[in-house]
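The values are calculated or read from the model by the stated rules, or taken from the named source; none is laboratory data. No experiment lies behind these values; they were computed from the predicted model shown. For neighbour counting, all protein chains shown are included, and Cβ atoms are generated from backbone atoms with ideal geometry for every residue, glycine included. The area values use the complete protein model at the heavy-atom level, side chains included, leaving out ligands, DNA and RNA. Shrake-Rupley method; radii C 1.70, N 1.55, O 1.52, S 1.80 Å.
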Amino acid sequence: MRSRQRMFAAVMRLLLKCLRLGRRRRFKLVRQLEQLWHYGHLCLRSLLYNSFTNGDVVLDSLFEPVYWLVDHVTRWFGVVFVALVIGLTSSIVAIVYICLLPLILQTYTPAWICWHLTYGHWNLIMIVFHYYMAITTSPGHPPQAKNDLTGVSICRKCIAPKPARTHHCSICNRCVLKMDHHCPWLNNCVGHYNHRYFFSFCLFMTMGCIYCSISGWEMFRDAYAAIERMKLLEKERLQVAANQTYYQTPPPTFSFRQRAFHKSVVYLWVLCSSVALALGALTLWHAALITRGETSIERHINRKERQRLQKKGKVSIAHGMGAGWGRARCDMPLSVLQVFRNPYSYGSWDNWKVFLGVDVPRHWLTRVLLPSPHLPHGTGLSWDLPPCVTEQRAPLLAI
(Lines give C-alpha, C1' and ligand atoms only; values in the text may rest on other atoms or scores of the structure.)
Protein backbone atom coordinates (compact mmCIF):
# COMPACT_ATOMS: atom_id res chain seq x y z
CA MET A 1 0.00 0.00 0.00
CA ARG A 2 2.74 2.38 0.94
CA SER A 3 4.67 1.44 -2.19
CA ARG A 4 1.69 2.36 -4.29
CA GLN A 5 1.37 5.73 -2.54
CA ARG A 6 5.04 6.42 -3.02
CA MET A 7 4.79 5.49 -6.69
CA PHE A 8 1.74 7.72 -7.13
CA ALA A 9 3.50 10.62 -5.38
CA ALA A 10 6.57 10.15 -7.59
CA VAL A 11 4.44 10.19 -10.73
CA MET A 12 2.65 13.35 -9.59
CA ARG A 13 5.95 15.08 -8.81
CA LEU A 14 7.23 14.12 -12.25
CA LEU A 15 4.08 15.52 -13.90
CA LEU A 16 4.32 18.78 -11.96
CA LYS A 17 7.99 19.06 -12.85
CA CYS A 18 7.20 18.55 -16.53
CA LEU A 19 4.45 21.17 -16.39
CA ARG A 20 6.78 23.69 -14.75
CA LEU A 21 9.47 22.95 -17.33
CA GLY A 22 7.03 23.37 -20.24
CA ARG A 23 5.73 26.63 -18.78
CA ARG A 24 9.27 27.96 -18.36
CA ARG A 25 10.17 26.99 -21.91
CA ARG A 26 7.00 28.62 -23.23
CA PHE A 27 7.67 31.85 -21.35
CA LYS A 28 11.29 31.78 -22.50
CA LEU A 29 10.20 31.38 -26.11
CA VAL A 30 7.78 34.33 -25.78
CA ARG A 31 10.53 36.48 -24.26
CA GLN A 32 12.90 35.55 -27.09
CA LEU A 33 10.27 36.47 -29.69
CA GLU A 34 9.68 39.84 -27.99
CA GLN A 35 13.41 40.54 -27.91
CA LEU A 36 13.74 39.67 -31.61
CA TRP A 37 10.78 41.94 -32.43
CA HIS A 38 12.22 44.91 -30.52
CA TYR A 39 15.66 44.32 -32.00
CA GLY A 40 14.30 44.19 -35.55
CA HIS A 41 12.21 47.30 -34.97
CA LEU A 42 15.27 49.13 -33.63
CA CYS A 43 17.37 48.06 -36.64
CA LEU A 44 14.67 49.23 -39.04
CA ARG A 45 14.37 52.61 -37.36
CA SER A 46 18.15 53.03 -37.33
CA LEU A 47 18.32 52.32 -41.06
CA LEU A 48 15.45 54.67 -41.95
CA TYR A 49 16.17 57.44 -39.44
CA ASN A 50 16.78 60.88 -40.92
CA SER A 51 16.60 64.11 -38.96
CA PHE A 52 15.59 65.99 -42.13
CA THR A 53 12.62 63.76 -42.87
CA ASN A 54 9.30 65.59 -42.96
CA GLY A 55 5.99 65.45 -44.75
CA ASP A 56 7.43 66.75 -48.01
CA VAL A 57 10.06 64.00 -48.10
CA VAL A 58 7.41 61.34 -47.49
CA LEU A 59 5.18 62.75 -50.26
CA ASP A 60 8.11 62.92 -52.68
CA SER A 61 8.92 59.29 -51.92
CA LEU A 62 5.32 58.22 -52.48
CA PHE A 63 5.07 60.14 -55.77
CA GLU A 64 8.44 58.96 -57.07
CA PRO A 65 6.82 56.39 -59.46
CA VAL A 66 4.54 59.14 -60.80
CA TYR A 67 7.54 61.43 -61.35
CA TRP A 68 9.35 58.62 -63.17
CA LEU A 69 6.36 58.05 -65.45
CA VAL A 70 5.93 61.76 -66.18
CA ASP A 71 9.63 62.16 -66.96
CA HIS A 72 9.63 59.32 -69.47
CA VAL A 73 6.34 60.36 -71.08
CA THR A 74 7.55 63.96 -71.40
CA ARG A 75 10.85 62.79 -72.87
CA TRP A 76 9.17 60.74 -75.60
CA PHE A 77 6.27 63.10 -76.34
CA GLY A 78 8.32 66.29 -76.52
CA VAL A 79 8.48 66.06 -80.32
CA VAL A 80 4.71 65.61 -80.45
CA PHE A 81 4.17 68.75 -78.36
CA VAL A 82 6.49 70.78 -80.59
CA ALA A 83 4.67 69.54 -83.70
CA LEU A 84 1.37 70.46 -82.04
CA VAL A 85 2.54 74.03 -81.35
CA ILE A 86 3.77 74.43 -84.93
CA GLY A 87 0.59 72.91 -86.37
CA LEU A 88 -1.83 75.04 -84.33
CA THR A 89 0.13 78.23 -84.98
CA SER A 90 0.35 77.48 -88.70
CA SER A 91 -3.40 76.85 -88.86
CA ILE A 92 -4.12 80.25 -87.29
CA VAL A 93 -1.73 82.00 -89.68
CA ALA A 94 -3.30 80.19 -92.66
CA ILE A 95 -6.81 81.24 -91.61
CA VAL A 96 -5.69 84.84 -91.23
CA TYR A 97 -4.06 84.94 -94.66
CA ILE A 98 -6.75 82.98 -96.53
CA CYS A 99 -9.95 84.12 -94.82
CA LEU A 100 -9.40 87.36 -92.92
CA LEU A 101 -6.77 89.26 -94.90
CA PRO A 102 -8.86 89.56 -98.11
CA LEU A 103 -11.79 90.81 -96.01
CA ILE A 104 -9.54 93.35 -94.26
CA LEU A 105 -8.18 94.66 -97.57
CA GLN A 106 -11.72 95.09 -98.93
CA THR A 107 -13.48 96.69 -95.95
CA TYR A 108 -10.91 98.51 -93.77
CA THR A 109 -9.52 102.00 -94.25
CA PRO A 110 -5.91 102.43 -95.43
CA ALA A 111 -4.79 103.45 -91.94
CA TRP A 112 -6.24 100.34 -90.33
CA ILE A 113 -4.83 98.17 -93.13
CA CYS A 114 -1.32 99.55 -92.47
CA TRP A 115 -1.74 98.97 -88.73
CA HIS A 116 -2.89 95.36 -89.10
CA LEU A 117 -0.22 94.51 -91.67
CA THR A 118 2.58 96.11 -89.65
CA TYR A 119 1.67 94.86 -86.19
CA GLY A 120 0.54 91.43 -87.33
CA HIS A 121 3.72 90.65 -89.28
CA TRP A 122 5.98 92.09 -86.54
CA ASN A 123 4.25 89.94 -83.92
CA LEU A 124 4.46 86.87 -86.15
CA ILE A 125 8.19 87.38 -86.76
CA MET A 126 8.86 87.76 -83.03
CA ILE A 127 6.90 84.58 -82.25
CA VAL A 128 8.66 82.48 -84.89
CA PHE A 129 12.13 83.81 -84.03
CA HIS A 130 11.91 83.31 -80.27
CA TYR A 131 10.28 79.89 -80.53
CA TYR A 132 12.94 78.68 -82.94
CA MET A 133 15.71 80.02 -80.70
CA ALA A 134 14.10 78.54 -77.57
CA ILE A 135 13.93 75.00 -78.97
CA THR A 136 17.34 75.04 -80.70
CA THR A 137 19.45 76.91 -78.11
CA SER A 138 21.07 74.79 -75.42
CA PRO A 139 20.18 75.99 -71.91
CA GLY A 140 23.81 75.55 -70.82
CA HIS A 141 25.51 72.73 -68.93
CA PRO A 142 28.45 72.64 -66.51
CA PRO A 143 31.74 71.44 -68.06
CA GLN A 144 32.37 67.73 -67.69
CA ALA A 145 36.17 68.02 -67.69
CA LYS A 146 38.08 68.63 -64.48
CA ASN A 147 38.84 72.30 -63.90
CA ASP A 148 38.91 74.92 -61.18
CA LEU A 149 35.13 75.28 -61.20
CA THR A 150 33.79 76.27 -57.81
CA GLY A 151 30.85 74.07 -56.95
CA VAL A 152 28.23 74.93 -54.38
CA SER A 153 27.31 71.24 -53.97
CA ILE A 154 27.73 67.86 -55.63
CA CYS A 155 25.03 66.50 -57.92
CA ARG A 156 24.05 63.09 -56.58
CA LYS A 157 23.16 61.87 -60.09
CA CYS A 158 26.00 63.35 -62.15
CA ILE A 159 28.52 63.00 -59.28
CA ALA A 160 30.02 66.33 -60.33
CA PRO A 161 30.24 69.83 -58.83
CA LYS A 162 27.16 71.99 -59.32
CA PRO A 163 27.71 75.76 -59.71
CA ALA A 164 25.31 78.19 -58.10
CA ARG A 165 21.75 78.13 -59.49
CA THR A 166 22.45 74.84 -61.31
CA HIS A 167 20.01 71.93 -60.99
CA HIS A 168 19.71 68.45 -62.43
CA CYS A 169 16.99 67.77 -65.00
CA SER A 170 15.66 64.23 -64.70
CA ILE A 171 14.20 64.37 -68.23
CA CYS A 172 17.38 65.54 -69.99
CA ASN A 173 19.47 63.57 -67.45
CA ARG A 174 21.95 66.45 -67.20
CA CYS A 175 22.67 69.42 -64.94
CA VAL A 176 21.38 72.70 -66.36
CA LEU A 177 22.80 76.14 -65.63
CA LYS A 178 20.25 78.45 -63.95
CA MET A 179 17.53 75.90 -64.58
CA ASP A 180 13.96 77.19 -64.49
CA HIS A 181 12.03 74.11 -65.62
CA HIS A 182 11.77 71.55 -68.41
CA CYS A 183 9.21 72.71 -70.97
CA PRO A 184 7.55 69.90 -72.98
CA TRP A 185 6.26 72.43 -75.52
CA LEU A 186 9.88 73.27 -76.35
CA ASN A 187 11.19 69.72 -75.86
CA ASN A 188 14.04 71.47 -74.09
CA CYS A 189 15.07 72.76 -70.69
CA VAL A 190 14.67 76.45 -69.91
CA GLY A 191 18.02 77.59 -68.53
CA HIS A 192 20.66 80.28 -68.60
CA TYR A 193 21.02 80.67 -72.38
CA ASN A 194 17.41 80.28 -73.56
CA HIS A 195 15.39 81.67 -70.64
CA ARG A 196 14.94 85.01 -72.43
CA TYR A 197 13.80 83.28 -75.62
CA PHE A 198 11.24 81.25 -73.70
CA PHE A 199 9.75 84.23 -71.90
CA SER A 200 9.73 86.36 -75.06
CA PHE A 201 7.94 83.62 -76.95
CA CYS A 202 5.29 83.37 -74.21
CA LEU A 203 4.90 87.15 -74.16
CA PHE A 204 4.58 87.66 -77.92
CA MET A 205 2.36 84.59 -78.35
CA THR A 206 0.03 85.97 -75.68
CA MET A 207 0.05 89.38 -77.36
CA GLY A 208 -0.72 87.77 -80.71
CA CYS A 209 -3.61 85.74 -79.31
CA ILE A 210 -5.08 88.80 -77.58
CA TYR A 211 -4.71 90.77 -80.81
CA CYS A 212 -6.55 88.08 -82.79
CA SER A 213 -9.27 87.73 -80.15
CA ILE A 214 -9.98 91.48 -79.98
CA SER A 215 -9.73 92.06 -83.73
CA GLY A 216 -11.91 89.07 -84.59
CA TRP A 217 -14.62 89.55 -81.97
CA GLU A 218 -17.18 91.01 -84.39
CA MET A 219 -16.32 88.43 -87.03
CA PHE A 220 -16.71 85.69 -84.44
CA ARG A 221 -20.19 86.88 -83.46
CA ASP A 222 -21.31 87.05 -87.10
CA ALA A 223 -19.77 83.67 -87.88
CA TYR A 224 -21.36 82.03 -84.83
CA ALA A 225 -24.78 83.46 -85.74
CA ALA A 226 -24.32 82.28 -89.33
CA ILE A 227 -23.50 78.74 -88.16
CA GLU A 228 -26.63 78.69 -86.02
CA ARG A 229 -28.68 79.79 -89.05
CA MET A 230 -27.00 77.04 -91.08
CA LYS A 231 -28.08 74.41 -88.57
CA LEU A 232 -31.65 75.72 -88.48
CA LEU A 233 -32.00 75.96 -92.26
CA GLU A 234 -30.42 72.55 -92.73
CA LYS A 235 -32.95 71.04 -90.35
CA GLU A 236 -35.84 72.74 -92.17
CA ARG A 237 -34.45 71.67 -95.56
CA LEU A 238 -34.26 68.05 -94.50
CA GLN A 239 -37.84 68.16 -93.21
CA VAL A 240 -39.06 69.58 -96.52
CA ALA A 241 -36.95 67.15 -98.55
CA ALA A 242 -38.47 64.21 -96.69
CA ASN A 243 -41.90 65.04 -98.23
CA GLN A 244 -40.59 65.62 -101.79
CA THR A 245 -39.11 63.56 -104.58
CA TYR A 246 -35.42 63.48 -105.45
CA TYR A 247 -35.80 65.99 -108.28
CA GLN A 248 -37.66 68.45 -106.07
CA THR A 249 -34.98 68.57 -103.33
CA PRO A 250 -33.86 72.23 -102.89
CA PRO A 251 -30.15 73.09 -103.19
CA PRO A 252 -28.17 73.83 -99.99
CA THR A 253 -28.60 77.35 -98.63
CA PHE A 254 -24.88 77.84 -97.81
CA SER A 255 -21.97 76.79 -99.99
CA PHE A 256 -19.03 74.76 -98.76
CA ARG A 257 -16.80 77.84 -98.92
CA GLN A 258 -19.15 79.83 -96.71
CA ARG A 259 -19.37 77.02 -94.18
CA ALA A 260 -15.60 76.64 -94.07
CA PHE A 261 -15.14 80.41 -93.67
CA HIS A 262 -17.49 80.74 -90.71
CA LYS A 263 -16.19 77.64 -88.94
CA SER A 264 -12.59 78.80 -89.44
CA VAL A 265 -13.36 82.15 -87.83
CA VAL A 266 -14.98 80.45 -84.83
CA TYR A 267 -12.03 78.06 -84.52
CA LEU A 268 -9.56 80.97 -84.64
CA TRP A 269 -11.31 82.99 -81.97
CA VAL A 270 -11.89 80.08 -79.56
CA LEU A 271 -8.30 78.82 -79.87
CA CYS A 272 -6.72 82.27 -79.53
CA SER A 273 -8.87 83.19 -76.55
CA SER A 274 -8.10 79.94 -74.74
CA VAL A 275 -4.36 80.23 -75.37
CA ALA A 276 -4.40 83.88 -74.33
CA LEU A 277 -5.91 82.99 -70.93
CA ALA A 278 -3.68 79.99 -70.21
CA LEU A 279 -0.43 81.35 -71.62
CA GLY A 280 -1.15 84.83 -70.26
CA ALA A 281 -1.33 83.46 -66.70
CA LEU A 282 1.97 81.61 -67.22
CA THR A 283 3.58 84.76 -68.63
CA LEU A 284 2.46 86.85 -65.66
CA TRP A 285 3.86 84.25 -63.25
CA HIS A 286 7.26 84.26 -64.96
CA ALA A 287 7.21 88.07 -65.12
CA ALA A 288 6.76 88.14 -61.33
CA LEU A 289 9.68 85.72 -60.92
CA ILE A 290 11.89 87.83 -63.18
CA THR A 291 10.98 90.94 -61.19
CA ARG A 292 12.22 89.19 -58.03
CA GLY A 293 15.31 87.79 -59.77
CA GLU A 294 14.25 84.17 -59.20
CA THR A 295 13.60 81.08 -61.23
CA SER A 296 10.74 78.66 -60.63
CA ILE A 297 13.01 76.31 -58.67
CA GLU A 298 14.58 79.13 -56.67
CA ARG A 299 11.14 80.41 -55.74
CA HIS A 300 10.43 77.09 -54.02
CA ILE A 301 13.89 76.90 -52.42
CA ASN A 302 13.78 80.47 -51.11
CA ARG A 303 10.32 79.96 -49.63
CA LYS A 304 11.46 76.83 -47.78
CA GLU A 305 14.62 78.54 -46.55
CA ARG A 306 12.71 81.58 -45.38
CA GLN A 307 10.31 79.40 -43.40
CA ARG A 308 13.21 77.47 -41.87
CA LEU A 309 14.99 80.64 -40.77
CA GLN A 310 11.78 82.14 -39.43
CA LYS A 311 11.21 79.07 -37.25
CA LYS A 312 14.70 79.50 -35.83
CA GLY A 313 14.03 83.20 -35.23
CA LYS A 314 16.91 84.38 -37.42
CA VAL A 315 14.88 86.52 -39.83
CA SER A 316 11.98 88.89 -39.51
CA ILE A 317 8.54 87.32 -39.84
CA ALA A 318 6.63 90.52 -40.50
CA HIS A 319 8.77 91.61 -43.46
CA GLY A 320 10.22 88.45 -44.91
CA MET A 321 10.47 89.83 -48.42
CA GLY A 322 11.09 93.49 -47.80
CA ALA A 323 14.14 95.49 -46.91
CA GLY A 324 15.02 96.88 -43.54
CA TRP A 325 14.40 95.53 -40.08
CA GLY A 326 11.22 94.06 -38.70
CA ARG A 327 9.84 92.47 -35.59
CA ALA A 328 9.98 88.77 -34.95
CA ARG A 329 8.26 86.62 -32.36
CA CYS A 330 11.40 85.72 -30.45
CA ASP A 331 13.60 87.05 -27.70
CA MET A 332 16.43 88.11 -30.01
CA PRO A 333 17.19 91.84 -30.13
CA LEU A 334 16.34 93.83 -33.25
CA SER A 335 20.03 94.39 -33.94
CA VAL A 336 20.45 90.62 -34.48
CA LEU A 337 17.33 90.08 -36.60
CA GLN A 338 17.82 90.14 -40.36
CA VAL A 339 15.63 90.16 -43.44
CA PHE A 340 15.84 87.32 -45.93
CA ARG A 341 16.80 88.50 -49.41
CA ASN A 342 17.38 86.73 -52.68
CA PRO A 343 21.14 87.01 -53.35
CA TYR A 344 20.61 87.21 -57.12
CA SER A 345 18.16 90.10 -57.05
CA TYR A 346 19.41 93.59 -57.94
CA GLY A 347 16.06 95.36 -57.69
CA SER A 348 13.00 95.12 -59.90
CA TRP A 349 14.19 97.40 -62.72
CA ASP A 350 17.76 96.10 -62.76
CA ASN A 351 16.50 92.51 -62.74
CA TRP A 352 14.66 93.16 -65.99
CA LYS A 353 17.69 94.86 -67.51
CA VAL A 354 19.91 91.92 -66.60
CA PHE A 355 17.38 89.40 -67.88
CA LEU A 356 16.81 91.16 -71.22
CA GLY A 357 20.46 92.10 -71.66
CA VAL A 358 19.82 95.84 -71.81
CA ASP A 359 23.12 97.68 -71.22
CA VAL A 360 22.35 100.99 -72.96
CA PRO A 361 19.01 102.67 -73.78
CA ARG A 362 19.13 101.75 -77.49
CA HIS A 363 19.10 98.08 -76.54
CA TRP A 364 15.40 98.40 -75.69
CA LEU A 365 14.83 98.74 -79.43
CA THR A 366 17.53 96.50 -80.86
CA ARG A 367 17.37 93.70 -78.27
CA VAL A 368 13.79 93.78 -76.99
CA LEU A 369 11.50 95.09 -79.74
CA LEU A 370 13.50 93.49 -82.55
CA PRO A 371 14.80 89.91 -82.89
CA SER A 372 18.22 89.64 -81.27
CA PRO A 373 20.39 86.55 -80.63
CA HIS A 374 22.60 88.26 -78.02
CA LEU A 375 23.87 86.16 -75.14
CA PRO A 376 22.87 86.76 -71.50
CA HIS A 377 25.22 88.26 -68.94
CA GLY A 378 27.78 85.87 -67.53
CA THR A 379 28.54 82.25 -68.27
CA GLY A 380 26.15 80.71 -65.77
CA LEU A 381 29.08 79.32 -63.76
CA SER A 382 29.63 82.40 -61.59
CA TRP A 383 27.39 85.34 -60.83
CA ASP A 384 29.36 88.56 -60.77
CA LEU A 385 27.73 91.97 -60.75
CA PRO A 386 26.49 92.76 -64.30
CA PRO A 387 27.65 96.07 -65.80
CA CYS A 388 24.08 97.30 -66.31
CA VAL A 389 23.32 97.20 -62.56
CA THR A 390 23.48 100.69 -61.11
CA GLU A 391 23.78 99.73 -57.44
CA GLN A 392 24.84 96.54 -55.75
CA ARG A 393 22.65 95.44 -52.88
CA ALA A 394 24.47 92.98 -50.68
CA PRO A 395 22.09 90.39 -49.23
CA LEU A 396 21.71 90.13 -45.49
CA LEU A 397 20.82 86.44 -45.48
CA ALA A 398 21.13 84.33 -48.59
CA ILE A 399 21.34 80.72 -49.67
Take the Cβ-Cβ distance between THR74 and ALA278 as r, set R0 to 25 Å, and report the resulting FRET efficiency rounded to the nearest 0.05. 0.90
Compute the signed sum of charges (Lys and Arg +1, Asp and Glu -1) over the other residues within less than 14 Å, Cβ to Cβ, of TYR224. +2
List every residue whose amide H lies under 5 Å from the amide H of CYS175, counting only residues 5 or more places away in sequence or on a different chain, with H placed 1.01 Å from N in the peptide plane. CYS169
Between ARG221 and LYS157, what's the calculated FRET efficiency when r is the beta-carbon distance and R0 is 45 Å? Round to 0.05. 0.25
Spacing of the two label points (7 Å from each Cα toward its C-beta) at ARG257 and ALA287, in nm: 4.2
To the nearest 0.05, how large is the calculated FRET efficiency for GLN144 and VAL368 if R₀ is 25 Å and r is the Cβ-Cβ distance? 0.15
Which far-off residues, 5 or more places away or on another chain, put their amide H under 5 Å from the one on HIS181, with H placed in the peptide plane? VAL190
Which of the pairs LYS312/LYS353; LYS178/LYS353; LYS157/LYS311 have their Cα atoms more than 28 Å apart in this structure? LYS312/LYS353; LYS157/LYS311
Leaving out ligands, DNA and RNA, what percent of the accessible area of the stretch 150-222 is carbon and sulfur, probe 1.4 Å? 59
Ordering of 175-188, 263-276, 100-113 by packing [mean C-beta count within 10 Å, highest first]: 175-188, 263-276, 100-113
Non-local amide H neighbours of ALA160 (under 5 Å, H modeled in plane, Pro and chain starts lacking H): which ones? CYS155
How large is ³J(HN,Hα) for each residue in the stretch 377-389, as worked out from phi by the Karplus curve 6.51 cos²θ - 1.76 cosθ + 1.60 (θ = phi - 60°), to whole Hz, x for Gly and Pro? 5, x, 9, x, 8, 9, 10, 7, 5, x, x, 7, 7
Label-point separation (nm) for LEU385 and ARG13, each offset 7 Å from Cα along Cα-to-Cβ? 10.1
Using only Cα atoms, locate the centre of the stretch 282-301 and the centre of the stretch 341-381, then give the distance between them in Å, rounded to an integer. 15
Of ALA111, GLY191, CYS175, which is farthest along the charge dipole of the stretch 89-198 in the positive direction, counting Lys and Arg as +1 and Asp and Glu as -1 at C-beta? CYS175
May I ask you to evaluate 6.51 cos²θ - 1.76 cosθ + 1.60, the Karplus curve with θ = phi - 60°, for each residue of the stretch 346-359 and list the ³J(HN,Hα) values in order in whole Hz, giving x for glycine and proline? 10, x, 4, 5, 5, 4, 5, 5, 5, 5, 7, x, 8, 9
